[in-house]
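Working notes for the structure below.
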Amino acid sequence: MKPSVLRTFLGPAVPRPGSETPLRIDPAGTNRDLVLRARGGDRWAEEALYRRHSRTVARTVSRLLARSAEAEDVVQDAFVFAFSHLNELRDPEVFGRWVLQVAVRLVHRRFRQRSLLRLLGLDRGADELTLAAQADPRAGPEVHAQLTEIDRALERLPARCRVAWILRYVEGCDIDEVATTSGCSRATAKRLIARAQQALHTNVVLEETEPTDE
């Protein structure tokens, strides 16, 4: 299975906060308009921004953490932070990308907490939102089996490699997007993805490696 084929077999994103019927947002209303209004205390504008971007953030965070309860907390915390620091956003038009970057930073914090709890024997969480669990029910047993192998291989990776690889090959981000979202340089993003690819090729039968410098 080629990494880029993964998205073909993943079923619809698990509904997360913000997936309910969206507010009626003026099609002409841009992120910039909503951010500027939210900076002025407009709660409707905040709600509109949340409804517009929370589903994408929640989907990505859920696939990174693979635990629904933790993912919900991260999504909520990311938007709380974003709305509390709107004045720090230089380009309001990139609000969605910015709040996702905040969420990924919180994901890394969660991974560090897990590592500490695991070291102390206190990690009682279970990964119920694995790639295999999100696979399209119509996918064959071989696909489910391989996704399970990929999940196991990803779990053994350092968090930064895991996050970068999922952003690249599951979420479909290009290298620049991976770097921006992960808060690292383009060269670092490429190294993290390459390291993850090597580990997956060692532990899982993947087809040809795809270039990471697109």
- [ ] May I ask you to order 131-144, 109-122, 51-64 by the average number of other C-beta atoms within 10 Å around their residues, highest value first?
- [x] 51-64, 131-144, 109-122
Task: Of the GluC sites (Glu not before Pro) in the range 147-210, those whose Cβ has at most 13 other Cβ within 10 Å and which sit in DSSP loop - done: E207, E208
TODO: Would you mind checking which residues have amide H under 5 Å from L10's amide H? H placed 1.01 Å from N; only 5 or more apart, or other chain.
DONE: D136
Task: ³J(HN,Hα), Karplus 6.51/-1.76/1.60, whole Hz, each residue of the range 48-65, x for Gly, Pro - done: 5, 5, 4, 5, 6, 10, 5, 5, 5, 4, 5, 4, 5, 5, 4, 6, 6, 8
Task: All-pairs Cα distance distribution in the range 33-93, expressed in whole percent, bin size 5 Å - done: 4, 19, 27, 22, 15, 10, 4, 0
Task: Whole-Hz ³J(HN,Hα) from phi, Karplus 6.51 cos²θ - 1.76 cosθ + 1.60, for the range 125-138, glycine and proline x - done: x, 10, 7, 9, 10, 5, 4, 4, 5, 9, 5, 4, x, 7
TODO: With a point put 7 Å past each Cα toward its Cβ, work out how far L116 is from R39 in nm, to one decimal.
DONE: 3.5
Task: 3J(HN,Hα) from dihedral phi, the range 75-81, Karplus parametrisation 6.51/-1.76/1.60, rounded to Hz, x for glycine, proline - done: 4, 4, 5, 5, 6, 4, 4
Task: D_trans [Stokes-Einstein, Kirkwood Rh over alpha-carbon pairs] for the range 3-203, 25 °C, 0.890 mPa s, µm² s⁻¹ - done: 138
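Taken together, the values in this text are just the output of simple stated rules run on the coordinates, not laboratory data. These numbers come from a predicted model, not from an experiment. Positions of Cβ are generated from backbone atoms using ideal geometry, with glycine treated the same way; all protein chains shown enter the neighbour counts.
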